[in-house]
Amino acid sequence: MKFSAYIFTISLVFLTLVDVLVSLSIGPVHISIQEILENTYLFLFHKNPDWTISTIIFYIRLPRIALAIIVGTILGISGLTTQTIFKNPLGDPYLTGVSSGAAVGAAIGFLVSPYLVPVLAFIFAMLAVGISFAISRSDGEVNTEMLILAGVSVSFLFSAVASYIIYLKIANLRGVLFWLLGGLYGATWTNDFWLFIALIAIFPVMVYFRRELDIMLMGDEQAKSLGVNSGRVKTIILLVSSLVTSLAVSVVGIIGFVGLVSPHIGRKIVGESHRFLIFVAPLIGANILLVSDTIARSAPQGEIPVGIITAFIGAPVLIYLLFRRRRM
Amino acid sequence: MNPKLIASIIVVIVIAASVSVVYAETYKQKVNASTITVTDDLGRKVPVKLPVTRVVSMDPSNTQMMYSIGAGSLLVADTSYDWWPANSTSLPHVSMDSPASVEQVVNMTPDLVLATTIQPAQIINQLQNLSIPVLVLEPQNISNIYTDMLTLGKVTNHQSGAEKEVNYMKSYIHGVESNVSAYLNLTGNKKQSLLYMMWSTPIYSVGPGSFIQNVLVDAGAYNIASSLNSSYPTVPLEDVVNDNPQAIIVDYEIPGLTNITWFTKGNQSQVWNNITAVQNDNILFFNQTESNWMNEPGPLTIYAVKTVAQFLYPQAF
Amino acid sequence: MIDVTGLTVRYGKKVALDNLNLQVQDGEHLILMGPNGSGKTTLLKALLGLVGYQGKISLNGKSTANLTRRELAREISYVPQIFSTSYTFTVKEFVSMGLYSITREWWEDDKRIHDTLNDVGIDDLRDKTINTLSGGELQKAIIARALIQDSKYILMDEPTAHLDIKSTQEVLEVVENFKGKGTIIVSHDLNALNKLGGNVLLIKNGQKKFKGVKDDPEFKSKIAETFETTIRETGDYLYFPLA
């Protein structure tokens, strides 16, 4: 088990690299592998590459591929930790109110200034999360059952606010709609850089707590009696995952299913323990989002919102896994 | 259940059914007496009782058609978004924020309502069920505008006004087209390639099957998004790089995208700075009026055609 | 020594434990008996710091309220009531969780796990997943997880409930072999008492009714009173007659 899990984790890393290369050579504009290699060489050594090809490769496809990997990783790891902490297989990173909070921020942003959309989306996502947490604190720690309900209630409230803002100012409907559907079309190296920084800041935290996450699956009482300060771990993990999810959402909007499905696929392959799952689930998330986005940006009728593709991939996978579980 | 109750329910149903059949028949006869049936842009056959004296318009483009054929005085209500021929009229406004209030419309006792598909189908059906004829006039191309205006002329008894206006529009468009084709023949230039932007990130544009695409074609543009298989495509940025448009038109009131700095200094400036249209500053930002001409298919669409043509081929005029 | 003084636990308005005083010596075997809702499980949870309480619980003179979870886990381990699980941890992984209070390393191949699994007689199951275990097997795995914590005390909540006769015997044999650990076993029936002997604590309505050995002359009347029934004895074997 352990040996094969190592092998699998490493092969997932290789798969990701292969996916990157494949994705790099696919797009609405046909560019052959040879042209890619030639122009990469010319571009890297400042030797007058073909402008069209090098711009498409280095300023459009590559930053977008990087964004897909970073966001997929974030959604995968947040999805996993959310499912673990809530002990709920339907948990996703938006459970604490992130998505609807961000939607309100975005809607306000399009009223004020589009440059404020990411900032406001992030602020309002964290506001929604904060309200959910405040509601569900009891005896000095987060009550997860309360938090699910609080998350749902806060989501309803914020969704209503977002809808009302959109309804009031119909001219911005288009912007908010695009934003709500989510997409990686806005990818730039700058976005990639900041999200990457956030990711490498939170990843070690999640990895550090993987032992505790395993034990917390056994429930609060057992975890505590085994010596896990589960109240503290819950608060830290949920805050960190909400924070990084909000950051991702503020850049790419709301992309569903990746955070929900990746942990399930990972569990089927490396088992329940977070020892490997903490690496495998985000890697699967990265691959799902990268493949989905490659399809989304290469469609013959122009770009398709990537959330539609992730749902098309994610829902059947989830149904398959449920059938497998039932037969077991 | 009580058999008596069942019996009475059946009796009531039978009576109600026969009454409504009889009523419907008499209504049909009434309709036949002095009505014409016209086909609207949804392909619906709409019987309209003549003469039409009270018209409600639920869209600025419909209002414009009414005035342009000389039937503006028949309007009893219009919308708060109307801006032509006058910025605001003294008429009561129906709420244009869809759905419109059916009550409000019925209260005007109109004998004709003009609408577009901005109004939900339920509203149109509800009015139709109340025996108020609703014409959905939403032309998909310029010749469709002509037929709609002639239809409107027939229904409102302003046939000659409609014909006069349509002839004027035809000659206006013909003038623009012949200027452009003469210029292209003379210089041997190819049509200018154009990116039409209705949103910035992602790039939301128009393609085959949309009204605006037809206007752009009439103005002599090669719309780079027309290769995409959709009426309203989201254009991949790499397509823009590959097609490298010579001109860009930006619709009115896209947040953040009101001048060239969005292209030259924005997030994706590394891409945009090398696009020909950006390098030559050949970008037209529609003002509100220009945007209205483009987005409201009606008598003013001809000015949209000329605006685009003049922008693309300034030497032709 | 565990020293409990004036322990009171309330769930809302309901008083689950009412000013309870108790001492458990190192190495003492204590069987905790009482009818449903008498406060047995609540007492265990209070000792483990899983419920809020008033009063004082101290371990060798130090208040448990001042210990971290890990420190407390090194002193007291817990065998919860058997649960059903769909998780696919292997027995090895599951038992290794008991080492958390000692080290945060990954340790599932540790010699301690092997030895402990041997002690409770389930070493052959080490690679099976816990969702496929029988009740008796899972109960033994839970006991192994508590044993590996290497604590001075083990608290067990109904370790033989829901088990068949053979599994009950096996589990009680495992418990009998706990060496030198103070043990508090909550039990509904008399099996544990008959098999293990030791002291008995009777509680009802959150109050202590009796503490002593089963040979105490007072015991039989107290237990009959606590459970509102009669008790009989055959040889050395106590039982509640059903009719």
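The values are calculated or read from the model by the stated rules, or taken from the named source; none is laboratory data. The model shown is predicted, which means the values in this text are computed figures rather than measured ones. We place every Cβ from the backbone using ideal geometry, glycine too, and count neighbours over all the protein chains shown. The accessibility values were calculated without ligands, DNA or RNA, using every heavy atom of the protein model including side chains. Shrake-Rupley method; radii C 1.70, N 1.55, O 1.52, S 1.80 Å.
Okay, here's what the table says:
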read-out	value
Residues of region B:68-88 that turn out to be in contact with a Leu (Cβ under 8 Å, 6 or more places away or on another chain) and without any contact (Cβ under 8 Å) to a residue 24 or more places away in the chain, as a count	2
Residues that are touching a residue at least 40 places away in the same chain (Cβ under 8 Å), open to solvent by 40 Å² or more (accessible area, probe 1.4 Å) and within 14 Å of chain B (Cβ to nearest Cβ), drawn from region A:21-36	A:26, A:28
Failed item in (1) touching a Pro at 6+ places or on another chain (Cβ under 9 Å); (2) of a type outside the set (Val, Ile, Thr); (3) open to solvent by less than 50 Å² (accessible area, probe 1.4 Å), with residue B:122 passing the rest	(3)
Region B:184-199: number of residues that are under 22 Å from the mean Cα position of the chain (by Cα) and part of a loop (DSSP other than H, G, I, E, B)	1
Which listed residue, of A:108, A:148, is within 14 Å of chain B (Cβ to nearest Cβ) and surrounded by fewer than 24 Cβ atoms within 10 Å (Cβ to Cβ)	A:108
Within region C:198-243, strands (runs of 3 or more DSSP E) holding 1 or more residues that are of a type in the set (S, T, N, Q) and more than 27 Å from residue C:26 (Cα to Cα)	C:232-234
Residues of region B:213-243 that turn out to be hydrophobic (A, V, I, L, M, F, W, C), open to solvent by less than 10 Å² (accessible area, probe 1.4 Å) and more than 14 Å from chain A (Cβ to nearest Cβ), as a count	4
Residues of region A:37-52 that turn out to be in contact with a helix residue (DSSP H, G or I) (Cβ under 6 Å, 6 or more places away or on another chain), more than 9 Å from chain B (Cβ to nearest Cβ) and in a helix (DSSP H, G or I), as a count	2
Condition check for residue B:145: touching a Gly at 6+ places or on another chain (Cβ under 7 Å) and among the hydrophobic types (A, V, I, L, M, F, W, C)	yes
Counted residues, region B:244-301 - those being among the hydrophobic types (A, V, I, L, M, F, W, C) and open to solvent by 40 Å² or more (accessible area, probe 1.4 Å)	3
Filter pass, residue C:143 being touching a Pro at 6+ places or on another chain (Cβ under 9 Å), modelled with pLDDT of 90 or more and not in a strand (DSSP E or B)	yes
Region B:164-191, residues that are within 13 Å of residue B:299 (Cβ to Cβ) and either surrounded by 13 or more Cβ atoms within 10 Å (Cβ to Cβ) or of a type in the set (Phe, Trp, Tyr) (or both)	B:164, B:165, B:166, B:168, B:169, B:170, B:172, B:173
Subset of region A:179-207 [part of a helix (DSSP H, G or I) and at the interface with another protein chain (Cβ under 9 Å from one of its Cβ atoms)]	A:189, A:190, A:191
Search result, residues across region B:198-229 that are touching a residue at least 24 places away in the same chain (Cβ under 8 Å) and of a type in the set (A, V, I, L, M)	B:198, B:203, B:206, B:212, B:215, B:216, B:219, B:221, B:224, B:225
Unmet requirement for residue B:268, which otherwise passes all of (1) at the interface with chain A (Cβ under 9 Å from one of its Cβ atoms); (2) touching a Lys or Arg at 6+ places or on another chain (Cβ under 9 Å)	(2)
Qualifying residue in region C:122-133 (condition: part of a helix (DSSP H, G or I), more than 8 Å from chain A (Cβ to nearest Cβ) and touching a Gly at 6+ places or on another chain (Cβ under 8 Å))	no
Residue match in region A:253-262 (condition: open to solvent by less than 10 Å² (accessible area, probe 1.4 Å), over 30 Å from residue C:67 (Cβ atoms), within 14 Å of chain B (Cβ to nearest Cβ) and in contact with a Phe, Trp or Tyr (Cβ under 9 Å, 6 or more places away or on another chain))	yes
